[in-house]
Amino acid sequence: MFANRLLARVSRKQACLALVSRRPMSQSELKMSRTQTTLTNAVRLELTGPNRRRFSSQIEADCSLDSATYERVCSDTLDALSDYFEELTENATELQGTDVAYGDGVLTVNLGQKHGTYVINRQTPNKQIWLSSPTSGPKRFDFVGTVEAGRWIYKHSGQSLHELLQEEIPGILTTQSVDFSHLPYFS
């Protein structure tokens, strides 16, 4: 956004200089004009380059799922996560007061008072999965790729839902091995 404003400002300044001065430019004005052109080109490259940071309002879905496919992919993901969290919490002797509940597209994983509660739910209007983590906060994941080889990605960081869980959960469940890579849509 800043780069867009800067580019517009530089372009307006160049247009004004061209209209106002019909006289030949001095060496310093010519040097400044070249610098502005270089800056304009650099900003333009930054705006269109492959490594630019994107905001959720600028992102187009890489994979447009129809509603039925979204529901299936989302259900498969949440079902698998629910089953795996059930298995993990059953074997978590170090945690007290754990509970896993899944219904109506909402998976709630209570890891006790010390570690907090993870809530993972479908967001059908946006075709997303939302995560509320007591460790990293809220995130919205879009499905990217094909149904056969896709995954849920947080587009601000490029991290997948499963990768995020793989980072956070082993720090909580320290007495057992945690591996989300075998679940659907980890790829």
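The values are calculated or read from the model by the stated rules, or taken from the named source; none is laboratory data. Keep in mind that what you see is a predicted model, and the values were worked out from it rather than measured. All Cβ positions, even for glycine, are placed from backbone atoms using ideal geometry, and neighbour counts span all protein chains on display. With ligands, DNA and RNA removed, areas are computed over all heavy atoms of the protein, side chains included. Shrake-Rupley method; radii C 1.70, N 1.55, O 1.52, S 1.80 Å.
Quick look at the numbers
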| read-out | value |
| --- | --- |
| Leading residue by the ranking (nearest to Q159 (Cα to Cα)) among those in the stretch 109-141 that are open to solvent by 50 Å² or more (accessible area, probe 1.4 Å) and part of a loop (DSSP other than H, G, I, E, B) | T135 |
| Some residue of the stretch 48-62 being under 27 Å from E168 (Cα atoms), at pLDDT 90 or above and either among the basic types (K, R) or open to solvent by less than 100 Å² (accessible area, probe 1.4 Å) (or both) | no |
| Flag for T146 being at pLDDT below 95, out of contact with any strand residue (DSSP E or B) (no Cβ under 8 Å at 6 or more places or on another chain), within 26 Å of A92 (Cα to Cα) and not hydrophobic (A, V, I, L, M, F, W, C) | no |
| Condition met for E163 (more than 14 Å from the chain's Cα centre (by Cα) and among the charged types (D, E, K, R)) | no |
| Inter-residue pairs, beta-carbon under 8 Å, first surrounded by fewer than 18 Cβ atoms within 10 Å (Cβ to Cβ) and in the stretch 161-187, second outside any loop (DSSP other than H, G, I, E, B) and among the acidic types (D, E), 6+ apart | P184/D76 |
